[in-house]
Amino acid sequence: MTNVEVRSIAKNYGSVPVLTDISTDFTQGSFTSLLGPSGSGKTTLLRIIAGFIIPDQGNVAIGGNDVTRMPVWARNIGMVFQSYALFPHMTVNENVAFGLARRGIKGEESRKQVERALELVRLPGFGDRKPKQLSGGQQQRVALARAIVTKPSVLLLDEPLSALDRRLRQEMQVELIRIQKESGLTTIFVTHDQEEALTLSDKVAILDRGRIVQIGAPTEVYERPKTRFAAEFLGDTNFLTGTVVAGGIRLANGSTVAVDAPLPATGSEATVAVRPEKIVIRDVARGGKDTDRSNRVSATISSSVYAGTALTYEAAFDGLSFKIFAQNSDARPHSVGDVVELTWSPLHTVPLEAAA
Amino acid sequence: MPLDPANSTQLREPGGSRKPLPPWASTAALLVPTYGWLTLAVFLPLCTMFAFSFLTATPMGKAPIVFTFKQYRAFIDQPYLLGVAWQSLLMGFWTTFFCAVLGFFAALALVRATEGKVRETLLILVLLPFWTNGLVRVFSWTMVLREGGFLDYAIHSVWPGAGSVGFLYTRQAVVVGLVHGYLPYMILTCYIALVTIDNTIVEAASSLGARWWTILWKILLPMAAPGLISGSVLIFVPVIGSFMEPRILGGRVGVTMGTVIEDQFTQAFNWPLGAALSFTMLAVVLGIFATFSGVLRRGTAL
């Protein structure tokens, strides 16, 4: 069931378009990430849904009601900001009760709901403290409790974890998923961290220069990126460009790469993407075991970066440079200058749409 | 950039084996000029005046100087002074009140509705009263407030049949002049308090369902309380002692502690009485602050 619906949203700042014709739906109870680099319009889209920005064109509907021109206070949203935005002069209890009081919930009922919300974010007993007596992670939990205690129609998160350090961020990611599932709130999450988006979301929307370039489940957007931008922004990628032939593309050096996906018309130019971790290195000199991966090119290792559990190689091949992620499971890591064979499956060879 | 070897030697040995100063010494060195100057320019003259307040006459003529407490009995010997003191406190209260209301909203408008060059210009305009001569500023109000003055002229140009609303030589006129003179303090202290409030705090409040008046009363006003309080203290104290505005704009009714004290120094040449009255008022003001210190502290501690 669709809960939040945006239709043909456009917004310009002066003559600069920030969002161009954005249409998408957010399913009831789903967790959607808006992912993109800074300036992609992801925060603007979130703030249009919240009501802080009125779009130049298009409509926003929450729970079936058109709210495009409705002021923020009337929209029944919950929002968490990167800077926490707790009220510094109020205690934790007063902060969480603020939204309840605006809905006429006071006294004992309010106290009970505040207590339940603080339990949900694992901060029971912190109610009498002032925000500045709490750590960053605790403050963000209070902000989350304050946003969900009012049972909003939609929970909007504006890079809520980016001010936390790495360890705390990972901890809060797990908490966030738990709280979101327990509360069942439709959640829209703005982030520029691709790993965070993949970990947390049911759906990831990738934005680039004011447009949604791809939206889908994390596996879908990662494994089958539609455009060069989507492929590049969501992790590392190797690109190969060639002429389309039957069942694959022919590269400039004459070798053919098989593609297990629909391709443009034979004879036209096409680019395919191959994720570095999908490539297996076969050491030509040492024999190595053969694999049934039917795409193979021979290349020379040009660099090797050791990172304990994994290695990142670069291999030169016909003037191109390939990036390969390998688990540190080989008997002996490959060294620079080794002539190797790179193999991968046609399934992992993803044709991209031509750039717009 | 390669380091010059001669320089690097110098860097390593700055004048032999000099030890760094202990922390208390550098702290003292930084504070001494300020506190030395304050002692010389404020504390010592105040002590002198305090000593004068126990004398029978100004120690400048040939009259014999005798120690006495009688100056401090002025409020008992001359009961009309109680009325004057009460009027001065009322004047201080109303001036501070109007400054707080006008100053808070002016600061709020500056912070929330302006930015960049416009805000800079408006802030400079706020400071304009500071740059004009106080006497000129107050006398210009007499031109506005007198019968047939600019205020009347403006009203009559819209409504020719209206009577005069000129209220020069009233207590209201004094408050108008004082508010004009002291408003910048309140605007600036409130501005400083409001400008530090992150906009996302206001956005968070409205996302939780707060309308503008709730944001004003529950968020902005409490968070700007330190500015309001320090502005009020900055205004209340000098207003109680003011004598120029009451004298020029208040005329016959403009008798305040400020004018009475000024008279003792400039007209009656009774410095001991003037000093005693000043210290009595100081005690009253400190008493008022002590009474409300709990409120003041709670307001300033976020």
With label points set 7 Å from each Cα along the Cα-to-Cβ direction at A:ASN328 and B:VAL253, the distance between them in nm comes to 8.9 nm
With the convex hull built on the alpha-carbon atoms of segment A:2-232, volume per residue in Å³ sits at 123 Å³
Restricted to pairs 8 or more residues apart or on different chains, the lysines in chain A with C-alpha atoms under 16 Å apart form a number of pairs equal to 8
Rounded to the nearest 10 Å², the accessible area of B:VAL138 using a 1.4 Å probe with every protein chain kept is 0 Å²
With the label point 7 Å along the Cα-to-beta-carbon line of B:PHE167 and a cut-off under 19 Å to each amide N, the hits in segment B:181-206 are B:181-183
Sorting B:GLY294, B:ALA109, B:ASN270 by the position of each Cα along the dipole of chain B (Lys, Arg +1; Asp, Glu -1; all at Cβ), the one nearest the positive end of that ordering is B:GLY294
Summing -39500 (n - 2.57) over every DSSP H run of at least 4 residues in chain A and dividing by its residue count gives a helix-only mean residue ellipticity at 222 nm, to the nearest 500 deg cm²/dmol, of -7000 deg cm²/dmol
Partner shielding of B:193-204, as the mean number of partner chain Cβ atoms within 10 Å, equals 4
Label model pair B:LEU216, A:ARG178: point-to-point distance (7 angstrom along the Cα→beta-carbon line) in nm is 4.4 nm
The FRET efficiency for B:ALA74 and B:VAL295, from their Cβ-Cβ distance with R0 = 30 Å and rounded to 0.05, is 0.45
Probe 1.4 Å, all chains present, heavy atoms only: B:TRP213 accessible area in Å², nearest 10, is 120 Å²
Phi angles of segment B:191-208, converted by Karplus (6.51 cos²θ - 1.76 cosθ + 1.60, θ = phi - 60°) into ³J(HN,Hα) in whole Hz with x for Gly and Pro, give 4, 4, 5, 6, 5, 7, 6, 5, 4, 5, 5, 5, 5, 4, 4, 6, 5, 8
On complex formation of A with B, accessible surface lost, both sides summed, probe 1.4 Å, nearest 100 Å², amounts to 1800 Å²
Of all C-alpha pairs within segment A:2-108, those more than 22 angstrom apart amount in percent to 41 percent
Segment A:238-351: spread of alpha-carbon positions along the three principal axes, whole Å, largest first, is 43, 24, 23
Cα convex hull volume per residue for segment A:96-211, in Å³, equals 123 Å³
Per residue of A:66-76, other chain Cβ atoms within 10 Å number on average 3
Sorted on mean Cβ neighbours within 10 Å (highest first), peptides A:207-218, A:122-133 come out as A:207-218, A:122-133
Over all Cα pairs of segment B:72-300, the Kirkwood radius sets Rh, and Rg/Rh then becomes 1.04
The long-range amide H neighbours of A:VAL204, using H built 1.01 Å from N in the peptide plane and a cut-off of under 5 Å, are A:SER33, A:GLY216, A:ALA217
Non-local residues with an amide H under 5 Å from the amide H of B:LEU55, with H modelled 1.01 Å from N and Pro and chain starts lacking one, are B:THR68
Over chain B, the sum of -39500 (n - 2.57) across DSSP H runs of at least four, divided by residue number and rounded to 500 deg cm²/dmol, gives at 222 nm -21500 deg cm²/dmol
Mean projected area, convex hull of alpha-carbon positions in the protein assembly as shown, reported to one decimal in nm², is 50.9 nm²
Once both label points are put 7 Å beyond Cα along the C-beta direction, the B:TRP37-A:LYS132 separation in nm becomes 3.0 nm
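The values are calculated or read from the model by the stated rules, or taken from the named source; none is laboratory data. Please read all numbers here as calculations on a predicted model, not as lab measurements. Because the Cβ atoms are built from the backbone with ideal geometry, glycine has one as well, and the counts that use them run over all protein chains shown. Surface accessibility is based on the protein's heavy atoms, side chains included, excluding ligands, DNA and RNA. Shrake-Rupley method; radii C 1.70, N 1.55, O 1.52, S 1.80 Å.
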